[in-house]
Amino acid sequence: MKKISISHAKDIYFRELEYLKDGISNSKNPYHFLYLSTLNNNFPQSRTVVLRDFKNKPSKILFNADFRSPKVKQLIENSNCLALFYDNDRKVQLRFNCRAIINHKNSLSSKVWSKTPLQSRKCYMGDLEPSKLINNWDPNIPIEYLKKDPEQKNSELGYENFTVIELIVNNLDLLELHHDGHIRFNIHNDKITFLAP
Ligand SMILES: Cc1cc2nc3c(=O)[nH]c(=O)nc-3n(C[C@H](O)[C@H](O)[C@H](O)COP(=O)(O)O)c2cc1C
C-alpha cells in the first residue's frame, strides 16, 4: 500500500500554488476560473469568475467584479465565502474558505484599473445594475462600444463600478483523486492535517 507523508502533502500543496500562479494569465489552465460561493441571507449562490491574481503568505485570491452586482452586495453583508477550483485533467480540487475584502475606489482598485484593457473596461460601463430584471434583452454595454473598444477618456466612466475583490484565505481543503486511494488534507496557518477522503 502506498504511504503519503506530510512532506509529500507539502510538495502537492506547493505544486498547486504554482498551478494557481500559472492560472492568472493562462486561460488554458482550469485554475484560470474559480467558482465563488457566497451567502444570500441563508441561501448559497455560486458563480464563475476569472482569477486575476494569487498571492502567497498570506494566501489571497483576487478577482474583479461590478460594485453593483449581487455578489458584491452579498459579500458586504457577509464576507465569508468559498472559492472552488477543479482541474479535471489532473483530478485535483481546491476548496478555499475565505473572507472577502471589497476594494472600491481605493488605491488597489485604482492600480488594477490602470492596467485593465479598454476591451474589459466596457463591461463596467453599463447603465443597468447587473442582475436587474429587464423586459427586453440588453447587453448592458454602451451601444457604441458593442463592436469596438471605448476611447481611453470615456472608458474612465467604468471606474465608478469597478471593484477588486480580495479573498483572504483561512484554510484550504485539497483533494487529489487516485485509483489506489485519494489524497486529501487541510492547510490552516501552514499546518497540514490529513482528512478522510
Ligand atoms: C467564464 C466566465 C467568467 C466570468 N468572470 C466573471 C468575473 O471575473 N467577475 C464577475 O463579476 N463575473 C464573472 N462572470 C459572470 C458571473 O459568473 C455571474 O454570472 C455574474 O457576475 C452575476 O453574478 P451575481 O449575480 O452573483 O453577482 C463570469 C462568467 C463566466 C461564464
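The values are calculated or read from the model by the stated rules, or taken from the named source; none is laboratory data. Note that the coordinates shown come from a computational prediction; the quantities given were computed from them, not determined experimentally. Don't worry about glycine lacking a Cβ; one is built from the backbone with ideal geometry, like all the others, and counts go over all protein chains shown.
Values as computed for the structure displayed
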quantity	calculated
Residue 191 being among the charged types (D, E, K, R), surrounded by fewer than 18 Cβ atoms within 10 Å (Cβ to Cβ) and farther than 19 Å from residue 56 by Cα	no
Single unsatisfied condition, residue 2 versus (1) over 30 Å from residue 122 (Cα atoms); (2) touching a residue at least 24 places away in the same chain (Cβ under 8 Å); (3) within 16 Å of the ligand (Cβ to nearest atom)	(3)
Count of the stretch 50-72 residues which are near the ligand (Cβ under 8 Å from one of its atoms) and farther than 25 Å from residue 187 by Cα	7
Pairs with Cβ under 6 Å, 6+ apart, first in the stretch 185-197 and without any contact (Cβ under 8 Å) to a residue 40 or more places away in the chain, second basic (Lys, Arg)	195/184; 197/184
Filter result for residue 39 (buried (at least 17 other Cβ atoms within 10 Å of the Cβ), within 13 Å of the ligand (Cβ to nearest atom) and either modelled with pLDDT of 95 or more or not in a loop (DSSP other than H, G, I, E, B) (or both))	no
Qualifying residue in the stretch 19-28 (condition: of a type in the set (Asp, Glu) and either under 17 Å from the mean Cα position of the chain (by Cα) or part of a loop (DSSP other than H, G, I, E, B) (or both))	yes
Qualifying position, being out of contact with any His (no Cβ under 7 Å at 6 or more places or on another chain) and in a helix (DSSP H, G or I), among 148, 111	111
Residue in the stretch 71-79 that is touching a Lys or Arg at 6+ places or on another chain (Cβ under 8 Å), farther than 30 Å from residue 9 by Cα and of a type in the set (D, E, K, R) present	yes
Test result for residue 47, within 11 Å of the ligand (Cβ to nearest atom) and basic (Lys, Arg)	yes
Considering residues of the stretch 113-131 that are hydrophobic (A, V, I, L, M, F, W, C) and farther than 18 Å from residue 53 by Cα only, the residue farthest from the ligand (Cβ to nearest atom)	118
The stretch 9-36: number of residues that are within 14 Å of the ligand (Cβ to nearest atom) and either basic (Lys, Arg) or surrounded by 14 or more Cβ atoms within 10 Å (Cβ to Cβ) (or both)	11
Answer residue from the stretch 47-67, given it is out of contact with any helix residue (DSSP H, G or I) (no Cβ under 8 Å at 6 or more places or on another chain) and surrounded by fewer than 13 Cβ atoms within 10 Å (Cβ to Cβ) and is modelled with the lowest pLDDT among those	57
Single residue of 78, 140 found to be more than 28 Å from residue 174 (Cβ to Cβ), in contact with a Leu (Cβ under 6 Å, 6 or more places away or on another chain), within 16 Å of the ligand (Cβ to nearest atom) and of a type outside the set (A, V, I, L, M, F, W, C)	140
